[in-house]
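Peer 1: Below you'll find the structure I mean.
Since every read-out is calculated from the coordinates, none of them should be taken as a lab result. Since the structure is predicted, the reported quantities are computational estimates derived from the model, not experimental observations. Here Cβ is always computed from backbone atoms with ideal geometry, including for glycine, and neighbour counts include all displayed protein chains.
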Protein chains: 2
Amino acid sequence: MSKAYDVMAATCPSRTVLHRIGARWTIFVVVALADGPRRFTAIKTHIEGITPKVLTETLRALESDGLVRRDDFGGNPPHVEYSLTQLGRSLLVPLAAVREWAETHVPDILDAQSSRPAD
Amino acid sequence: MSKAYDVMAATCPSRTVLHRIGARWTIFVVVALADGPRRFTAIKTHIEGITPKVLTETLRALESDGLVRRDDFGGNPPHVEYSLTQLGRSLLVPLAAVREWAETHVPDILDAQSSRPAD
DNA sequence: GATACCGGTATCAAATCCATACTGTTGAGG
DNA sequence: CCTCAACAGTATGGATTTGATACCGGTATC
């Protein structure tokens with residue numbers, strides 16, 4: 001079985017995909033939507049420190065990639081819900097693993113940053 | 001077992017860690033080193049389109065985080081090898097999954113980008 | 001002498017990110 | 001009526017990151 005796409009090739013579409021995933025806030029947003037739909041403000045509150053501008057951009061990008069769905073319930077005050085699509089949920093699997101890795105290995109990295117490399 | 005670190009907390013060190021992982025080229029470099037040590041130029045060639053400046057920065061960052069080791073064999077022409085540390089190899093596991101996801105789901109995303117979102 | 005190899009730097013422009021303030025609409029409180 | 005808050009964002013302008021391109025030193029080879 002040969003691969004149809006190779007992330008290392010400059011012209012491969014998978015490169016674009018990976019860059020999107022690697023965008024600064026993508027992983028946070030996807031993980032934030034892991035437990036179900038959330039409203040804009042809820043996401044913003046949940047992901048501490050994200051600015052509305054960047055959150056909007058990230059959500060729009062994820063939406064156009066088909067990872068996130070935006071449901072506007074209209075009315076007032078505005079009511080918009082964001083949720084992961086099927087595709088988004090499938091991405092959640094590897095991203096949750098990355099998040100877990102990050103939370104698990106914080107001490108190792110803090111350690112490495114403050115000491116001489118040994119390994 | 002409760003979590004010691006929470007990526008969603010603005011002040012949590014895991015946030016920094018995750019941002020590093022999410023840095024534009026980190027995943028490419030880590031994956032590029034998956035099969036063993038490589039020299040600077042080899043990495044640069046392998047990851048098409050990365051510039052030397054960015055590669056240097058990424059490698060230095062990964063090195064200071066203890067994910068990559070830099071071995072300088074001196075001599076001339078220069079001979080420097082980069083390899084994953086134990087910690088780096090452990091990160092490879094989730095990152096390889098992300099890479100795989102990217103390569104697998106390219107069609108879905110291209111599709112979503114060109115059509116109206118339907119979920 | 002000219003050129004290539006290797007592992008990077010230097011320089012400057014462009015894209016992205018961040019902090020902060022502000023918008024429009026409507027309902028509630030006074 | 002006037003003011004304020006809630007929600008989902010925009011606008012602005014500056015800081016940070018990224019990227020493109022050129023260049024460096026030392027050796028070996030042509």
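Peer 1: Going toward the positive end of the dipole of chain A, with +1 on Lys and Arg Cβ and -1 on Asp and Glu Cβ, which of A:106, A:91, A:13 do you reach last?
Peer 2: A:13
Peer 1: While we're on this one: What's the magnitude of the charge dipole for segment B:13-114 around its Cα centre, counting Lys and Arg as +1 and Asp and Glu as -1 at the beta-carbon? Answer in Debye, nearest 20.
Peer 2: 360 debye
Peer 1: Here's something else I'd like to know. How big is the C-alpha Rg of segment B:13-114 next to the rule-of-thumb value 2.2 N^0.38 Å, as a ratio? Before the final figure, lay out each step's value.
Peer 2: Numbers: Rg = 14.9 Å, N = 102, 2.2 N^0.38 = 12.8 Å.
Taking the Cα Rg and dividing by 2.2 N^0.38 Å, one obtains 1.17.
Peer 1: Assuming R0 = 35 Å, what is the FRET efficiency of residue B:24 and residue B:72, from their Cβ-Cβ distance, to the nearest 0.05?
Peer 2: 0.85
Peer 1: Determine ³J(HN,Hα), in whole Hz, for all residues of segment B:44-53 in sequence, where each value follows from phi through the Karplus function 6.51 cos²θ - 1.76 cosθ + 1.60 and θ = phi - 60°; x replaces Gly and Pro.
Peer 2: Working through the residues one at a time gives 4, 5, 5, 8, 4, x, 7, 8, x, 4 Hz.
Peer 1: Moving on to the next point. Label-point separation (nm) for residue A:56 and residue B:89, each offset 7 Å from Cα along Cα-to-Cβ?
Peer 2: Here the modelled spin labels are 4.8 nm apart.
Peer 1: Could you tell me the calculated FRET efficiency between residue A:48 and residue A:4, based on Cβ-Cβ distance and R0 = 30 angstrom, to the nearest 0.05?
Peer 2: 0.15
Peer 1: Tell me the relative contact order for chain B as a rounded percent, counting alpha carbon contacts under 8 Å between residues six or more apart.
Peer 2: Relative CO of chain B lands at 21 percent.
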